[in-house]
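Asks: I'd like to ask some things about the structure below.
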Amino acid sequence: MTISDGTISHRDWKSVLRHDVPASLVVFLVAVPLSLGIAVASGAPVAAGLVAAVVGGVVAGALGGSVVQVSGPAAGLSLVVAELVHTYGWRATCAITAMAGLLQVGLGALRVARAALGVSPAVVHGMLAGVGAVIALSQLHIVLGGSPQRSALENVLELPAQIVHNHTHAVLIGVLTIAVLLVWGRIPRLRAVPAPLAALMIATLTAGLSGWDLTKVDLRGGFSSVQGPLAPQGDWHAIAGAVLLVALLAGVESLLTCVASNRLHDGPRADLDRELTAQGVANVVSGVLGGLPVAGVVVRTTTNARAGARSRWSTVLHGVWVLLFTAAFAWMLALIPLEALAALLLFIGVQMVNLGHVRNLRNHREVPVYAVTMAGVVLIGLAEGVAIGLGLAALLALRRLAWVSVDVRQDGERHWRVVVTGSLTFLGVPRLTEALRAIPAGSAVELDLHLDFMDNAAFEALHTWRLEHERAGGEVDVDEPHGEWYSAAISGARLFPARIPPRHDRWWLPWAYRRRAHSAGACSPGPGPYGSFEVIGADGGSAGGHDDAVICEPQGVPDLLEGTREFQRRTAPMVRPLLTRMARGQSPSHLFITCADSRIVPNIITASGPGDLFTVRNIGNLVPRAGAAPPDDSVAAAVEYAVNVLEVRMITVCGHSGCGAMAALLGEVPDLPALRAWLRHGRQSLARFVAAGPGQDADDAGPLDRLCRVNVIQQLDNLRTHPFVDTLVRAGRLELTGLYFDIGAARVHVLEQERFTPVPELRTTG
């Protein structure tokens, strides 16, 4: 259903009548008092707030990018408008509003709306809180029967005298209005009528019946009293700044409200560029007609969604109701005391200081930005406060982006470990060099770089220190688990943060293929500015310095001790909490029987972790039959323990391509007595293979791989020869399954009805 094409189906009309019309009436009842109050706070004609409400509903609602957002005069812009009215006059302010709308239309056409989302929410919330505090302080003086001062600080200083000397009917009507606002929403039966409307109605009736002498809303002539725009006079630089300020503040508030509105309904998601353009058109129309600036408003948008609105018709109709009501019943609005509107604004201003936002910002350590922005708005001005808040937010973001931690500790008499974490830029060089200076000359240093970025200044400082330390007889062992910034700088390769593959799971590479920039013989020196590495591509060919290269040509295999050192340094801290909880016992879910082949790593091909698999490995992944000769109880003992003690619920036999044991069965068994005796347990597999005959699995590479698969099936049958296994399988308490791993294709196949089929890969969309 759309408004622009003018076509609405019968079903859509039923939805509009059932959901959108009632919601529009609720929003209308909320919008009228808020529009009047914001106009008063802005120093504008009261009718200007109603004009903005009508235009925001009809124009922005019909053209906007959100189906539930409600636009109109916003309290967050009242300080800017009040200052513009004081400086240029009301009619010039209307012209500034129209020009700001044209600027918003241009920005929407350039599709820059999402850039507004880059503004820190702490600045936005701080700005709104500051505006709320200024509004509350100024309107408090009116509630107390006095007049507000020019600045928030003056309002604070004058407040004691205002409290002591003024005790007129204005105080009574203001207190009554605030009391109704506080109590009304807490009574379930009264919630159908919005609290602002109820408060103004009760205050108006009380004032009228009591005959109190109060200032009334000046709405003589209704919409006909509104005057059109007039070109502003003065410094055009200041006028251009005012246009930019109104456009940006109204646009950012509208877009942030638009994003928030997506969480309030299940309908179409908001189009931000369309919304910004619609706000611009609405501001042009509102300025030309003599209305306040228009922006998306959180209170009315939330009310609209909670009232059950399903389409933009609710927003449009609420503007129509405001128009009709003002045209027909303007005399009723003229009965509202200004002191009651001031009390309503005081209440709204206090609510704009939202402590819930402060709690959320505290979790992200952004309260200083909020507090500084709020203080700047209150003490200096809106534009200045926002600028100060943006500057502080940028400085804190720069500090966080450039944050680096340098941890230096001694692991032995002449062995030191340095862990550098974060973004290593020129800002972190002083901290880095100061920490490295504490390491004595001639010592062995393990340097772990957990970096997401390293600039040239940081590299120069680090590399210079390394060369000097090694020149003095020391050793430096550099490891980069997450990104090879140091290695790339040495080789002269260009790295881009978005293209650097994470190296968290580098552990799966064989020792000989791990790229270690710190290893003197790991990679061949090249012609780079600091010495480089001969990079080998994943296919074995030289990558020639290509950014996607991942490994180096192996120059020698590190010993097992180096692998354990790497485990202790990188992996142990991460898995220690888990292993501590598992230290007193194990409860694996699977018994995994596989080959001793060095190319098969069960935890890789099953993506399992500590405690998942109870593993048995032997040559050929064989399971001797019960009562077999020669006897072998090692596998049977593991099966018994897994089934009866650990109570596993699945036994998996996993074979693989190119198995040496199966090759020995097909050919002549090597003259190794123990191996010859062991392979007798594979004779049933060979017999089954011969009986099946050739060509049964046409997709296999050859007879060896067919025998490897047949062997898995036979070993599952051998398991059933053990009575305790067969009994549990028949009772449904134990499941047997077979896997086959194709090494060359890195593909796992699962046994299904005597045939192996590839395990399907998970596909992601988006």
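Asks: Which number in (1) surrounded by fewer than 17 Cβ atoms within 10 Å (Cβ to Cβ); (2) out of contact with any helix residue (DSSP H, G or I) (no Cβ under 8 Å at 6 or more places or on another chain) marks the one condition that W416 misses?
Replies: (1)
Asks: Follow-up question, since we're still on this one. Have a look at V386, V377, V367 and point out the one that is open to solvent by 40 Å² or more (accessible area, probe 1.4 Å) and either touching a Phe, Trp or Tyr at 6+ places or on another chain (Cβ under 6 Å) or closer than 30 Å to G241 by Cβ (or both).
Replies: Details: V386 fails: open to solvent by 40 Å² or more (accessible area, probe 1.4 Å); V377 fails: open to solvent by 40 Å² or more (accessible area, probe 1.4 Å).
Going through V386, V377, V367 in turn, just one is open to solvent by 40 Å² or more (accessible area, probe 1.4 Å) and either touching a Phe, Trp or Tyr at 6+ places or on another chain (Cβ under 6 Å) or closer than 30 Å to G241 by Cβ (or both): V367.
Asks: Right, next: For region 89-128, enumerate the residues that are of a type outside the set (A, V, I, L, M), touching a helix residue (DSSP H, G or I) at 6+ places or on another chain (Cβ under 7 Å) and on the phi < 0 side of the Ramachandran plot. Write out each step before concluding.
Replies: Of all residues in region 89-128, those of a type outside the set (A, V, I, L, M) come to 89-91, 93-94, 97, 101, 104, 106, 108, 111, 114, 118, 120-121, 125-126.
Pick out the ones that are also touching a helix residue (DSSP H, G or I) at 6+ places or on another chain (Cβ under 7 Å) and you get 93-94, 97, 101, 104, 108, 111, 114, 120, 125-126.
T93, C94, T97, G101, Q104, G108, R114, S120, H125, G126, listed by residue number.
Asks: Which of (1) at pLDDT below 85; (2) farther than 24 Å from L739 by Cβ; (3) exposed (fewer than 12 other Cβ atoms within 10 Å of the Cβ) is the odd one out, the single condition V669 does not satisfy?
Replies: Looking at each condition in turn, V669 falls short on (3).
Asks: Conditions: (1) under 44 Å from the mean Cα position of the chain (by Cα); (2) polar (S, T, N, Q); (3) open to solvent by less than 40 Å² (accessible area, probe 1.4 Å). Q162 meets all but one. Number of the miss?
Replies: All conditions are met except number (1).
Asks: Next up: Restricting attention to region 256-265, does a residue exist that is touching a residue at least 24 places away in the same chain (Cβ under 8 Å), closer than 21 Å to A383 by Cα and aliphatic (A, V, I, L, M)?
Replies: Scanning region 256-265 turns up at least one residue that is touching a residue at least 24 places away in the same chain (Cβ under 8 Å), closer than 21 Å to A383 by Cα and aliphatic (A, V, I, L, M).
Asks: Additional query: Quick check: is even one residue across region 280-297 at pLDDT 85 or above, in a helix (DSSP H, G or I), polar (S, T, N, Q) and in contact with a helix residue (DSSP H, G or I) (Cβ under 8 Å, 6 or more places away or on another chain)?
Replies: At the first step, the residues of region 280-297 found to be at pLDDT 85 or above are 280-297.
Adding the requirement that they be in a helix (DSSP H, G or I) leaves 280-289.
This time we only want the ones that are polar (S, T, N, Q), so: 283, 286.
Cutting the leftovers down to in contact with a helix residue (DSSP H, G or I) (Cβ under 8 Å, 6 or more places away or on another chain) gives us 283, 286.
The answer is yes, given that some residue of region 280-297 is at pLDDT 85 or above, in a helix (DSSP H, G or I), polar (S, T, N, Q) and in contact with a helix residue (DSSP H, G or I) (Cβ under 8 Å, 6 or more places away or on another chain).
Asks: Assigned to a strand (DSSP E or B) and crowded, with 21+ Cβ neighbours inside 10 Å: which single residue out of V648, V653 fits that description? Break it down into steps so the answer makes sense when it comes.
Replies: Working: V648 fails: assigned to a strand (DSSP E or B).
Selected residue: V653, the only one of V648, V653 that is assigned to a strand (DSSP E or B) and crowded, with 21+ Cβ neighbours inside 10 Å.
Asks: Would it be correct to say that Q715 is open to solvent by 30 Å² or more (accessible area, probe 1.4 Å), of a type in the set (S, T, N, Q), touching a residue at least 24 places away in the same chain (Cβ under 8 Å) and touching a helix residue (DSSP H, G or I) at 6+ places or on another chain (Cβ under 9 Å)?
Replies: Details: open to solvent by 30 Å² or more (accessible area, probe 1.4 Å): no; of a type in the set (S, T, N, Q): yes; touching a residue at least 24 places away in the same chain (Cβ under 8 Å): yes; touching a helix residue (DSSP H, G or I) at 6+ places or on another chain (Cβ under 9 Å): yes.
No, not satisfied.
Asks: Take the residues in region 568-595 that are of a type in the set (A, V, I, L, M, F, W, C) and either touching a Cys at 6+ places or on another chain (Cβ under 9 Å) or without any contact (Cβ under 8 Å) to a residue 24 or more places away in the chain (or both); name whichever of them is farthest from D448 (Cα to Cα). It would help to see each step written out before you state the result.
Replies: Our first condition is that a residue be of a type in the set (A, V, I, L, M, F, W, C); within region 568-595, this holds for 572, 574-575, 578-579, 582-583, 591-593, 595.
Those left that are additionally either touching a Cys at 6+ places or on another chain (Cβ under 9 Å) or without any contact (Cβ under 8 Å) to a residue 24 or more places away in the chain (or both): 572, 574, 583, 592-593, 595.
Working: A572: 15, M574: 15, A583: 29, F592: 36, I593: 37, C595: 36 Å.
My answer is I593.
Asks: May I pose another question? Kindly check whether there is at least one residue in region 331-342 that is farther than 15 Å from V134 by Cα, open to solvent by 50 Å² or more (accessible area, probe 1.4 Å), modelled with pLDDT of 80 or more and outside any helix (DSSP H, G or I).
Replies: yes
Asks: Six or more apart or on different chains, Cβ atoms under 8 Å: show the pairs whose first residue is in region 596-615 and free of Cβ contacts under 8 Å to residues at least 60 places away in the same chain and whose second is assigned to a helix (DSSP H, G or I) and surrounded by 17 or more Cβ atoms within 10 Å (Cβ to Cβ).
Replies: Listed pairs, sorted by first residue: S608/P602; L613/P602; F614/A638; F614/A642; T615/P602.
Asks: Looking at region 420-476 only, could you name the residues that are within 16 Å of S405 (Cβ to Cβ), part of a loop (DSSP other than H, G, I, E, B) and out of contact with any helix residue (DSSP H, G or I) (no Cβ under 7 Å at 6 or more places or on another chain)?
Replies: Residue satisfying the conditions is A438 alone.
Asks: Restricting attention to region 722-766, and to residues there that are of a type in the set (S, T, Y) and either within 18 Å of L704 (Cα to Cα) or surrounded by 15 or more Cβ atoms within 10 Å (Cβ to Cβ) (or both), which single residue is modelled with the lowest pLDDT?
Replies: Just the residues of region 722-766 that are of a type in the set (S, T, Y), to begin with: 727, 737, 740, 757, 764-765.
Okay, now just the ones that are also either within 18 Å of L704 (Cα to Cα) or surrounded by 15 or more Cβ atoms within 10 Å (Cβ to Cβ) (or both), so 737, 740, 757.
Working: T737: 95, Y740: 96, T757: 90.
My answer is T757.
Asks: Does region 265-274 contain any residue that is open to solvent by less than 50 Å² (accessible area, probe 1.4 Å), under 23 Å from A109 (Cβ atoms) and not hydrophobic (A, V, I, L, M, F, W, C)? Show your work before the answer.
Replies: Restricting attention to region 265-274, the residues satisfying the condition of being open to solvent by less than 50 Å² (accessible area, probe 1.4 Å) are 265, 267, 270, 272-273.
Narrowing the set further to residues that are under 23 Å from A109 (Cβ atoms) leaves 270, 272-273.
Those still in the list that are not hydrophobic (A, V, I, L, M, F, W, C) too: 273.
Yes, region 265-274 has at least one match.
Asks: Working carefully through the options G442, G473, find the one that is open to solvent by 50 Å² or more (accessible area, probe 1.4 Å), at positive phi and among the small types (G, A, S).
Replies: Details: G442 fails: open to solvent by 50 Å² or more (accessible area, probe 1.4 Å).
So the residue among G442, G473 that is open to solvent by 50 Å² or more (accessible area, probe 1.4 Å), at positive phi and among the small types (G, A, S) is G473.
The values are calculated or read from the model by the stated rules, or taken from the named source; none is laboratory data. It should be emphasised that the depicted structure is a prediction, and the values quoted were computed from it without experimental measurement. Ideal geometry is used to build each Cβ from the backbone, glycine not excepted, and the neighbour counts take in all protein chains shown. Areas reflect the complete protein model, heavy atoms only, side chains present, ligands, DNA and RNA absent. Shrake-Rupley method; radii C 1.70, N 1.55, O 1.52, S 1.80 Å.
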